Amino acid sequence: MTQRVELATVMDRLAVDGLVTEYAVAVDDGDWATYRRLFTADGRADYRGAGGIEGDAGQVADWLAASLAPFAMRQHLIVNRRVRFEILEQDTGDTARVQADYVNPMRLADRDSGSTAPDLVCGGRYAFGLLRTQDGWRLREVVVEEKWRRLPERRAAPVLG
């Protein structure tokens, strides 16, 4: 590999990583216009592995907006990113696959306990399919597989005796 090809690969990795980060921030901030713009025109997301829906980016953005509305705090962390570039129409590097783990603590908006602890924490794995477009890298596919979920422990009422 030449230095020019290596530099292009590094730049692509940074752009792909930036796109995955923008995805997480858009979900956490409830910025559904940005969420939609991160996808290709035919881009789809599949949240069935986390109890959700599958559909085009607009349908899924609408579902996420409704599903996440009860949570005032969302901090969507995407880690352990594994990036692999692939070939599309005989041109190396037009597509990428990213497999990454996530941890997602969320806090309900109507909690009046004074605590800042999350009410729900879940974790799992993403599979992202990306396409290089004239506008840069875009999501063609997002698949979510939730692996675990933790709800707050409910304390038993004290026994008065």
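The values are calculated or read from the model by the stated rules, or taken from the named source; none is laboratory data. The structure displayed is predicted, hence computed values, not measured ones. Glycine gets a Cβ as well: all are built from the backbone with ideal geometry, and neighbour counts include every protein chain shown. Keep in mind that these areas ignore ligands, DNA and RNA; they rest on the heavy atoms of the full protein, side chains included. Shrake-Rupley method; radii C 1.70, N 1.55, O 1.52, S 1.80 Å.
All but one of (1) free of Cβ contacts under 8 Å to residues at least 12 places away in the same chain; (2) open to solvent by less than 60 Å² (accessible area, probe 1.4 Å); (3) of a type outside the set (Asp, Glu) hold for Gly52, so report the exception by its number.
Condition not satisfied by Gly52: (1).
Does any residue of segment 65-73 turn out to be of a type in the set (Phe, Trp, Tyr), within 15 Å of Phe128 (Cα to Cα), open to solvent by less than 70 Å² (accessible area, probe 1.4 Å) and in contact with a strand residue (DSSP E or B) (Cβ under 8 Å, 6 or more places away or on another chain)?
no
Would you call Val159 at pLDDT 85 or above and either farther than 30 Å from Arg97 by Cβ or surrounded by 11 or more Cβ atoms within 10 Å (Cβ to Cβ) (or both)?
no
Do any strands (runs of 3 or more DSSP E) entirely within segment 14-131 hold 1 or more residues that are more than 17 Å from Val142 (Cα to Cα) and modelled with pLDDT under 95, and if so, which?
71-74, 77-88, 91-108
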